[in-house]
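A.B. asks: To start, I am sharing the structure in question, which I have written as structure tokens.
The values are calculated or read from the model by the stated rules, or taken from the named source; none is laboratory data. Source: prediction; values computed, not measured. Positions of Cβ are backbone-derived with ideal geometry, glycine not excepted, and every protein chain shown enters the neighbour counts.
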There are 2 protein chains.
Amino acid sequence: MDLTDRARADALDAKDPLAGFRDRFVFADDDTIYLDGNSLGRLPRPVAEGIAGGVESWAARMVGGWHEWIELPAAVGDRLAVACLGARSGEVLVCDSTTVNIFKLAHAALDLRGGAIVTDAGNFPTDRYVLDGVARQRNRRLVVVGSVEEAVEVRDAALVCLSHVDYRSGSLLDLASVTRATDALVLWDLSHSVGALPIDLSAADLAVGCTYKYLNAGPGAPAFLYVRRELQADFRSPIQGWFGQRAQFAMGPRYDPVSGIERFLAGTPSVLGTLAVDAGLQLVAEAGIQRIAAKNAALTDLLIELFDALLTDLDFELGTPRESSQRGAHVSLRHPEAWRIARALIERAKVVPDHRPPDLVRFGVSALYVRFVEVWEAMRRLQELVVSGVHHDVSAEPRRVT
Amino acid sequence: MDLTDRARADALDAKDPLAGFRDRFVFADDDTIYLDGNSLGRLPRPVAEGIAGGVESWAARMVGGWHEWIELPAAVGDRLAVACLGARSGEVLVCDSTTVNIFKLAHAALDLRGGAIVTDAGNFPTDRYVLDGVARQRNRRLVVVGSVEEAVEVRDAALVCLSHVDYRSGSLLDLASVTRATDALVLWDLSHSVGALPIDLSAADLAVGCTYKYLNAGPGAPAFLYVRRELQADFRSPIQGWFGQRAQFAMGPRYDPVSGIERFLAGTPSVLGTLAVDAGLQLVAEAGIQRIAAKNAALTDLLIELFDALLTDLDFELGTPRESSQRGAHVSLRHPEAWRIARALIERAKVVPDHRPPDLVRFGVSALYVRFVEVWEAMRRLQELVVSGVHHDVSAEPRRVT
């Protein structure tokens with residue numbers, strides 16, 4: 001181990017303009033180095049307060065709370081649009097899950113365009129599974145390609161669905177140029193970029209994403225969807241729910257969706273969940289997405305340098321682009337014993353990464369609460385653990401969740 | 001006003017075996033008589049604690065919390081099955097919204113059965129709107145009838161969707177006999193009966209319902225769905241999400257749903273919402289659904305008696321069955337000025353009912369926290385308000401939410 005690296009990490013922390021944001025999070029255990037905020041972000045105090053405030057408001061106002069709550073999905077969507085998405089007011093809605101939102105937007109897109117659905121074999125599982133179902137329901141071809149270059153080359157495509165940042169490699173696509181490269185509507189999954197990197201949806205048609213990673217809104221918090229304003233009039237949700245209805249409380253005989261983005265609401269939205277999203281995104285807005293992205297780049301740069309220095313002789317390979325402009329906020333290391341190593345790090349070394357099959361150990365940095373010295377310490381412990389062979393003691397049987 | 005009635009109401013409260021449950025709820029304002037628990041139930045202290053516990057567990061365990069949270073939708077579903085639904089283990093799932101769950105089960109039913117979709121013109125709006133969309137998506141006829149008798153007579157029906165308790169009149173259908181009266185699959189919406197009345201799904205095929213009314217799980221808490229065990233193998237969710245996938249974290253190339261009820265999960269479920277449902281249903285279980293139903297019958301009996309005594313000369317008509325065995329836990333009164341009267345009760349008399357168009361003032365009794373004397377006081381204030389004509393001062397313009 002190189003003490004120079006530790007000193008350098010300390011120096012980076014000392015001049016980190018976001019260092020103070022760490023105190024806005026709840027640390028139940030200060031020793032654990034948590035590098036899985038790209039799976040589930042830590043609890044920010046303002047989110048805990050937002051949820052508690054929602055509970056109090058329910059107790060005090062009861063059904064009268066809906067006079068304000070009913071605006072939340074679009075109002076929080078508007079704030080998310082400004083803080084993180086480069087979208088306009090009336091283009092973003094916080095609701096349902098990423099899965100359900102992909103389903104809604106994919107069906108709506110196929111109402112407008114003939115042709116195939118295209119996705120990438122490396123896309124996140126739920127995206128691929130949902131699109132497989134949608135393709136069968138609509139009697140369309142599902143084309144699963146191996147790269148973004150192939151995706152935009154498919155002829156007669158109605159819809160192309162891609163992840164902005166790959167959940168395994170962390171590779172970042174150029175959203176605007178990919179969108180321009182195809183005549184199909186492009187549906188972006190922003191789950192692994194929202195809150196970590198600046199996003200500019202001004203060139204984009206459709207997007208979805210989750211809020212429990214870099215927006216720190218909590219396990220199963222509502223997701224979001226984006227539909228470019230100019231497309232909305234022609235877009236209809238396949239799930240014709242009462243929260244998308246014009247004059248909802250007239251409870252009329254026929255479904256007649258509102259004209260704006262709220263037509264993509266389905267059932268009664270989660271009030272506490274939406275308040276959590278609001279509090280989470282406001283913390284991101286306060287820190288500023290440019291400063292967050294700069295720190296994420298510096299944290300992942302340091303991680304890759306340490307990988308080069310400490311791990312290349314130990315059967316590890318870098319599974320993530322070296323250029324910070326080409327990646328998101330996580331770094332994956334390939335190793336034949338990836339699953340055992342990830343478990344051993346959690347159980348023996350108090351470092352929390354995650355494992356993605358078949359051979360990745362994935363480390364997420366979350367600029368709002370991860371320190372440079374933690375990245376240094378995590379890589380040091382990882383080296384020590386693999387050199388010692390402790391991971392061989394871990395049972396090889398994968399658990400249901402990793 | 002008849003002071004005898006007040007004394008009788010006090011006597012009923014004095015011998016009420018559920019009286020103590022009122023202390024399990026948070027009363028921010030003791031003066032308000034809240035008779036809208038059939039729209040949004042009050043906050044129970046155990047639900048506030050369940051949510052706070054979930055937030056703590058997130059802070060302490062972070063992503064490791066999923067080792068337990070992942071079981072919640074089915075585990076809480078099992079507890080709901082026993083406490084409230086007369087269903088078996090593995091038949092109920094807590095997830096998504098009622099709207100999304102109707103969508104999922106309706107599509108799944110049409111995979112198995114040819115023929116029309118049937119519903120009742122008085123069914124809740126979201127049920128009718130969703131089914132309208134599903135019918136168009138599947139190129140099926142949607143038959144909207146005027147009564148349950150007509151619904152079961154429709155020939156060539158694939159699916160009949162009905163509400164167990166009508167959201168306007170409060171009429172209660174005989175679930176078993178209606179299910180037997182048709183060869184179609186029957187999808188029951190239990191939103192206005194679950195937690196208020198005993199339900200026996202042993203004869204039923206499919207059901208959905210919400211948890212924010214008599215289960216008091218909070219605004220937008222997750223809904224539930226039920227699929228009879230024998231049907232599950234042939235049922236597929238149209239929304240092929242990763243939480244319904246066998247070996248979810250293998251993240252394999254093809255969608256392959258788990259064999260049980262969890263195949264109806266879509267995206268990442270709301271952990272805090274599901275914990276709220278769990279706490280809410282456990283309070284119902286502790287009180288016992290039979291005792292709850294008996295008190296609801298007594299409360300609505302008293303309300304109807306007071307209507308007869310105080311309101312029949314004031315242009316009111318009873319919009320709910322007189323026989324307690326034929327109604328749920330709310331009573332609707334028809335009046336040409338229903339909207340103004342409902343607003344005036346809230347703004348001037350500290351009584352909270354709701355209004356349902358065109359002409360109903362709806363009063364819900366929630367056995368766990370409504371007292372007999374509150375029903376007496378509410379009807380007394382209602383009489384006084386209409387006699388005085390105060391409601392004529394209320395603006396006639398309907399607000400978006402009532």
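Yes/no per residue for (1) modelled with pLDDT under 95; (2) under 26 Å from B:L12 (Cα atoms):
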{"site": "B:L299", "(1), (2)": "no, yes"}
{"site": "B:F307", "(1), (2)": "no, yes"}
{"site": "B:T320", "(1), (2)": "no, yes"}
{"site": "B:E323", "(1), (2)": "no, yes"}
{"site": "B:L333", "(1), (2)": "no, yes"}
{"site": "B:L360", "(1), (2)": "no, no"}
{"site": "B:V390", "(1), (2)": "yes, no"}
{"site": "B:A396", "(1), (2)": "yes, no"}
{"site": "B:T402", "(1), (2)": "yes, no"}
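A.B. asks: Looking at A:A207, A:A233, A:A287, which one is buried (at least 24 other Cβ atoms within 10 Å of the Cβ), away from every other protein chain (no Cβ under 11 Å) and on the phi < 0 side of the Ramachandran plot? Step through it out loud before you land on a result.
C.D. replies: Details: A:A233 fails: buried (at least 24 other Cβ atoms within 10 Å of the Cβ); A:A287 fails: buried (at least 24 other Cβ atoms within 10 Å of the Cβ).
Exactly one residue qualifies, and that residue is A:A207.
A.B. asks: Something else: Is it the case that some residue within segment A:45-56 is within 14 Å of chain B (Cβ to nearest Cβ), at pLDDT 95 or above and in contact with a Pro (Cβ under 6 Å, 6 or more places away or on another chain)? Give the steps one after another, and end with the answer.
C.D. replies: Pass one, segment A:45-56, residues within 14 Å of chain B (Cβ to nearest Cβ): A:45-56.
Next, only the ones that are at pLDDT 95 or above stay: A:45-56.
Checking the rest, the ones that are also in contact with a Pro (Cβ under 6 Å, 6 or more places away or on another chain) come to none.
No.
A.B. asks: Could you check how many residues of segment B:1-37 are under 19 Å from B:L306 (Cβ atoms), of a type in the set (A, V, I, L, M) and within 14 Å of chain A (Cβ to nearest Cβ)?
C.D. replies: Number satisfying all stated conditions: 2.
A.B. asks: Do you know which of the residues in segment B:175-199 that are under 15 Å from the mean Cα position of the chain (by Cα) and assigned to a loop (DSSP other than H, G, I, E, B) is farthest from the other protein chains (Cβ to nearest Cβ)?
C.D. replies: B:P198
A.B. asks: Does A:L201 meet the test of being out of contact with any Cys (no Cβ under 8 Å at 6 or more places or on another chain), closer than 30 Å to A:A298 by Cβ and crowded, with 22+ Cβ neighbours inside 10 Å?
C.D. replies: Values: out of contact with any Cys (no Cβ under 8 Å at 6 or more places or on another chain): yes; closer than 30 Å to A:A298 by Cβ: yes; crowded, with 22+ Cβ neighbours inside 10 Å: yes.
For A:L201, the condition - out of contact with any Cys (no Cβ under 8 Å at 6 or more places or on another chain), closer than 30 Å to A:A298 by Cβ and crowded, with 22+ Cβ neighbours inside 10 Å - is met.
A.B. asks: Ok, one more. What about B:G20, is it small (G, A, S), assigned by TED's automatic domain parsing to the domain that holds B:A297 and out of contact with any Cys (no Cβ under 8 Å at 6 or more places or on another chain)? Don't jump to the end; show me each part of the working.
C.D. replies: Details: small (G, A, S): yes; assigned by TED's automatic domain parsing to the domain that holds B:A297: yes; out of contact with any Cys (no Cβ under 8 Å at 6 or more places or on another chain): yes.
Spelling it out, B:G20 is indeed small (G, A, S), assigned by TED's automatic domain parsing to the domain that holds B:A297 and out of contact with any Cys (no Cβ under 8 Å at 6 or more places or on another chain).
A.B. asks: A:A293 versus (1) in contact with a helix residue (DSSP H, G or I) (Cβ under 6 Å, 6 or more places away or on another chain); (2) outside the structural domain of A:R79 (by TED's automatic domain parsing); (3) among the hydrophobic types (A, V, I, L, M, F, W, C): which is the lone unmet condition?
C.D. replies: (1)
A.B. asks: Surrounded by fewer than 19 Cβ atoms within 10 Å (Cβ to Cβ) and touching a residue at least 40 places away in the same chain (Cβ under 8 Å): does that describe A:E49?
C.D. replies: Values: surrounded by fewer than 19 Cβ atoms within 10 Å (Cβ to Cβ): yes; touching a residue at least 40 places away in the same chain (Cβ under 8 Å): yes.
Spelling it out, A:E49 is indeed surrounded by fewer than 19 Cβ atoms within 10 Å (Cβ to Cβ) and touching a residue at least 40 places away in the same chain (Cβ under 8 Å).
A.B. asks: If you don't mind, there's one more thing I want to ask. Any idea which of A:V152, A:V118, A:V143 is outside the structural domain of A:P358 (by TED's automatic domain parsing), within 30 Å of A:S39 (Cβ to Cβ), within 22 Å of the chain's Cα centre (by Cα) and not charged (D, E, K, R)? I'd like the intermediate steps shown before the answer.
C.D. replies: On the way: A:V152 fails: within 22 Å of the chain's Cα centre (by Cα); A:V143 fails: within 22 Å of the chain's Cα centre (by Cα).
It is A:V118.
A.B. asks: Give A:L368, A:L345 a once-over and let me know the one that is touching a Pro at 6+ places or on another chain (Cβ under 9 Å), in a helix (DSSP H, G or I) and not β-branched (V, I, T). Break it down stepwise before answering.
C.D. replies: On the way: A:L368 fails: in a helix (DSSP H, G or I).
Checking each option against the conditions leaves just A:L345.
A.B. asks: Somewhere in segment B:34-48, is a residue farther than 28 Å from B:G170 by Cβ and touching a helix residue (DSSP H, G or I) at 6+ places or on another chain (Cβ under 7 Å)? Write out each step before concluding.
C.D. replies: Of the residues in segment B:34-48, the ones farther than 28 Å from B:G170 by Cβ are B:45, B:48.
Filter once more, keeping what is touching a helix residue (DSSP H, G or I) at 6+ places or on another chain (Cβ under 7 Å): B:45, B:48.
Yes, segment B:34-48 contains at least one residue that is farther than 28 Å from B:G170 by Cβ and touching a helix residue (DSSP H, G or I) at 6+ places or on another chain (Cβ under 7 Å).
A.B. asks: Take the residues of segment A:244-265 that are of a type in the set (F, W, Y) and out of contact with any Asp or Glu (no Cβ under 7 Å at 6 or more places or on another chain): which is farthest from the other protein chains (Cβ to nearest Cβ)? Steps first, please.
C.D. replies: The initial filter retains those residues of segment A:244-265 that are of a type in the set (F, W, Y), namely A:249, A:255, A:264.
Retained after the next criterion (residues that are out of contact with any Asp or Glu (no Cβ under 7 Å at 6 or more places or on another chain)): A:249, A:264.
Details: A:F249: 6, A:F264: 12 Å.
Here the residue is A:F264.
A.B. asks: For segment B:120-135, indicate whether the set of residues that are in contact with a strand residue (DSSP E or B) (Cβ under 6 Å, 6 or more places away or on another chain), in a loop (DSSP other than H, G, I, E, B) and closer than 17 Å to B:A204 by Cβ is non-empty.
C.D. replies: So far as segment B:120-135 goes, yes, one or more of its residues are in contact with a strand residue (DSSP E or B) (Cβ under 6 Å, 6 or more places away or on another chain), in a loop (DSSP other than H, G, I, E, B) and closer than 17 Å to B:A204 by Cβ.
A.B. asks: Right, something else. Please find, within segment A:11-37, the residue that is farthest from A:V351 (Cα to Cα) out of those that are touching a strand residue (DSSP E or B) at 6+ places or on another chain (Cβ under 7 Å) and aliphatic (A, V, I, L, M).
C.D. replies: Initially, segment A:11-37 is screened for residues touching a strand residue (DSSP E or B) at 6+ places or on another chain (Cβ under 7 Å), giving A:24-25, A:32-37.
Adding the requirement that they be aliphatic (A, V, I, L, M) leaves A:33, A:35.
Details: A:I33: 5, A:L35: 7 Å.
It comes out as A:L35.
A.B. asks: In addition: Residue under question is B:G280, and the condition is that it be touching a strand residue (DSSP E or B) at 6+ places or on another chain (Cβ under 8 Å), crowded, with 24+ Cβ neighbours inside 10 Å and within 14 Å of chain A (Cβ to nearest Cβ); does it hold? If you could, list the steps in order and put the result at the bottom.
C.D. replies: Details: touching a strand residue (DSSP E or B) at 6+ places or on another chain (Cβ under 8 Å): yes; crowded, with 24+ Cβ neighbours inside 10 Å: yes; within 14 Å of chain A (Cβ to nearest Cβ): yes.
Answer is yes for this residue.
A.B. asks: Give me the pairs, please: first residue somewhere in segment B:61-82 and hydrophobic (A, V, I, L, M, F, W, C), second residue anywhere and in a helix (DSSP H, G or I), beta-carbon distance under 6 Å, and either six or more positions apart or on two chains.
C.D. replies: B:W69/B:V271; B:L72/B:T274; B:A74/B:E262; B:V76/B:T274; B:V76/B:V277; B:V76/B:D278; B:L80/B:L281
A.B. asks: Any idea which of (1) more than 10 Å from chain A (Cβ to nearest Cβ); (2) within 30 Å of A:G64 (Cβ to Cβ) is the one B:D78 doesn't satisfy?
C.D. replies: (2)
A.B. asks: Does B:G220 meet the test of being within 27 Å of B:G133 (Cα to Cα), free of Cβ contacts under 8 Å to residues at least 24 places away in the same chain and within 12 Å of chain A (Cβ to nearest Cβ)?
C.D. replies: Values: within 27 Å of B:G133 (Cα to Cα): yes; free of Cβ contacts under 8 Å to residues at least 24 places away in the same chain: no; within 12 Å of chain A (Cβ to nearest Cβ): yes.
No; evaluated as a whole, the condition is false for this residue.
A.B. asks: Related question: Against the definition (in a helix (DSSP H, G or I) and of a type in the set (D, E, K, R)), how does B:R140 come out, yes or no?
C.D. replies: Working: in a helix (DSSP H, G or I): no; of a type in the set (D, E, K, R): yes.
No, not satisfied.
A.B. asks: Is it true that B:D301 is out of contact with any helix residue (DSSP H, G or I) (no Cβ under 7 Å at 6 or more places or on another chain) and free of Cβ contacts under 8 Å to residues at least 24 places away in the same chain?
C.D. replies: On the way: out of contact with any helix residue (DSSP H, G or I) (no Cβ under 7 Å at 6 or more places or on another chain): no; free of Cβ contacts under 8 Å to residues at least 24 places away in the same chain: yes.
No; evaluated as a whole, the condition is false for this residue.
A.B. asks: Next up: How many of the residues in segment A:355-376 are out of contact with any strand residue (DSSP E or B) (no Cβ under 6 Å at 6 or more places or on another chain) and among the charged types (D, E, K, R)?
C.D. replies: Of the residues in that region, 1 qualify.
A.B. asks: Taking into account only those residues within segment A:257-274 that are of a type in the set (S, T, N, Q) and farther than 21 Å from A:F235 by Cα, which is surrounded by the most Cβ atoms within 10 Å (Cβ to Cβ)?
C.D. replies: It comes out as A:S270.
A.B. asks: Just need a number here: residues in segment A:115-128 that are touching a residue at least 12 places away in the same chain (Cβ under 8 Å), within 9 Å of another protein chain (Cβ to nearest Cβ) and either more than 17 Å from A:L185 (Cα to Cα) or surrounded by fewer than 19 Cβ atoms within 10 Å (Cβ to Cβ) (or both).
C.D. replies: Going through segment A:115-128 one residue at a time, the tally reaches 3.
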